[in-house]
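The values are calculated or read from the model by the stated rules, or taken from the named source; none is laboratory data. As the structure is a computational prediction, the values presented were derived from the model and not from experiment. Every residue, glycine as well, gets a Cβ built from its backbone with ideal geometry; the counts of neighbours run over all protein chains shown.
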Amino acid sequence: MTDDFSFTVLATDGQARRGEITMPRGTVRTPAFMPVGTGGTVKAMYMDQVRDLGADIILGNTYHLMLRPGAERVARLGGLHEFARWPHPILTDSGGFQVMSLSQLRKLDESGVTFRSHIDGTPHVMTPERSIEIQGLLDSDIQMQLDECVALPATPQEIERAMELSLRWADRCKTAFGTQAGKAMFGIVQGGDIAALRERSASALKGLDLKGYAVGGLAVGEPQAVMLDMLDVTCPVLPHDKPRYLMGVGTPDDILKSVARGIDMFDCVMPTRAGRHGLAYTRRGKVNLKNARHAEDNRPLDEDSDCPAARDYSRAYLHHLVKSGEALGGMLLTWNNLAYYQSLMADIRAAIEGGVFAQRAAEISAAWAAGDIPPR
């Protein structure tokens, strides 16, 4: 195992890339899906389960952890890895998205953001330097720059202003991060739905020579076609030998289409949130366990799955748990969903290695389109 951070592209198939990120706490096989552990927990899951499903890395959230239990407290308790019993790599986001979307009475200027906690209204200040400091206290392996993510639609002037501010903050974050053996700071490409701004942002960040690059400000309500268009103009500008991370994405279809455009890393709350609300992801598409048609269906979600939640429990039982509001329902469906996402990523990696990614992507999409098999 290396004592430094590195990324290697092992195979390509079109624009799709199969690679590995290596760092002291482990190797991340890419394309990778990072389960979201917002507050030091992947909701409704044990960390051992998350690892056993094939996750090499999880995501922690700077905003939520700084508010509760507090970054300084986590540091005193040995850092997030020890605190959460996850000794493998962790990526922390900067907290910027949550500051913009959740906090009350926020005020943004060149120095950073002043805001009030959505929990108790207490005042806080988040600057690029403070974001990096908090992520350092959490002891994460990959740290993200603070940026401003504007909601779409927005005016070109507002998108350009936020993009330029994010570039200046990226430079401050790089200085604050300094040189940390075995760790990395990623910059975040902004620019909304304007191709020229995306290219400008990516080019400027490339000039900072960071260890990785993220694409932010997408999957925030715009059509999928817009997101894909932005990837088409952004990915070719980014370095070939650095990992590319599409933040907050997304559905299995989003992932499949984004891998085809050269994205290496993903995160999204969708599989865990959907599981807690009765929705299962399967190789035959989505299955809503709230629907009455499952009430007397003894079949499992997927008889061929390696995941016990998908293979060993009847749809009738899962339907009962969901309708009754039993916690076990959300636990089992979250287990199923994360298992499916990790299985999908393993399938994608194998297809790229075998040079059959386009063919396999078409087969996967066709199975989703065919839909679930109706009850007998």
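Listing for the model above:
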quantity	calculated
Candidates SER140, SER166, SER203 - the one that is buried (at least 21 other Cβ atoms within 10 Å of the Cβ), more than 17 Å from the chain's Cα centre (by Cα) and among the small types (Gly, Ala, Ser)	SER166
Options LEU301, LEU328; residue that is under 14 Å from GLY275 (Cβ atoms) and without any contact (Cβ under 8 Å) to a residue 12 or more places away in the chain	LEU328
Residues within the range 202-245 that are in contact (Cβ under 8 Å) with a residue 40 or more places away in the chain, of a type in the set (Gly, Ala, Ser) and under 17 Å from SER166 (Cα atoms), tallied	4
Of the criteria (1) in a helix (DSSP H, G or I); (2) within 26 Å of ALA327 (Cβ to Cβ); (3) in contact with a helix residue (DSSP H, G or I) (Cβ under 9 Å, 6 or more places away or on another chain); (4) modelled with pLDDT of 95 or more, which one HIS64 fails	(4)
Residue among ALA295, ALA310 that alone is among the small types (Gly, Ala, Ser), surrounded by 22 or more Cβ atoms within 10 Å (Cβ to Cβ) and at negative phi	ALA310
One residue from GLU326, GLU303 being surrounded by fewer than 16 Cβ atoms within 10 Å (Cβ to Cβ) and touching a Lys or Arg at 6+ places or on another chain (Cβ under 9 Å)	GLU303
Total residues in the range 21-56, condition charged (D, E, K, R), over 17 Å from the mean Cα position of the chain (by Cα) and assigned to a strand (DSSP E or B)	0
Those strands (runs of 3 or more DSSP E) lying entirely in the range 89-199 with at least 2 residues farther than 21 Å from GLY37 by Cβ and at pLDDT below 95	104-109, 112-116, 123-126
Positions within the range 267-283 being of a type outside the set (A, V, I, L, M, F, W, C), under 16 Å from the mean Cα position of the chain (by Cα) and assigned to a strand (DSSP E or B), in sequence order	ASP267
Residue satisfying all of: in the range 67-82; part of a helix (DSSP H, G or I) and either assigned by TED's automatic domain parsing to the domain that holds GLY325 or touching a residue at least 12 places away in the same chain (Cβ under 8 Å) (or both); surrounded by the fewest Cβ atoms within 10 Å (Cβ to Cβ) among these	GLU72
Residue within the range 81-98 that is more than 23 Å from the chain's Cα centre (by Cα) and under 26 Å from MET227 (Cβ atoms) present	no
Criterion violated by GLU199 - all others in (1) touching a residue at least 12 places away in the same chain (Cβ under 8 Å); (2) of a type in the set (Asp, Glu); (3) out of contact with any Ser or Thr (no Cβ under 8 Å at 6 or more places or on another chain) satisfied	(3)
Members of the range 333-376 found to be more than 30 Å from LEU321 (Cβ to Cβ) and part of a loop (DSSP other than H, G, I, E, B), listed by number	GLY354, GLY355, VAL356
Residue under evaluation ASP3, criteria (1) touching a Pro at 6+ places or on another chain (Cβ under 6 Å); (2) modelled with pLDDT of 95 or more; (3) surrounded by fewer than 18 Cβ atoms within 10 Å (Cβ to Cβ), criterion not met	(2)
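Residue by residue, here is whether (1) at pLDDT 95 or above; (2) touching a Gly at 6+ places or on another chain (Cβ under 8 Å) holds:
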residue: LEU205; (1), (2): yes, yes
residue: LEU208; (1), (2): yes, yes
residue: ALA214; (1), (2): yes, yes
residue: ALA219; (1), (2): no, yes
residue: ASP232; (1), (2): yes, no
residue: PRO252; (1), (2): yes, no
residue: MET270; (1), (2): yes, yes
residue: GLY275; (1), (2): yes, yes
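Table: residues versus (1) outside the structural domain of LYS43 (by TED's automatic domain parsing); (2) in contact with a helix residue (DSSP H, G or I) (Cβ under 6 Å, 6 or more places away or on another chain); (3) within 18 Å of VAL50 (Cα to Cα).
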{"residue": "VAL287", "(1), (2), (3)": "yes, no, no"}
{"residue": "ALA295", "(1), (2), (3)": "yes, yes, no"}
{"residue": "PRO300", "(1), (2), (3)": "yes, yes, no"}
{"residue": "HIS319", "(1), (2), (3)": "yes, yes, no"}
{"residue": "SER343", "(1), (2), (3)": "yes, no, yes"}
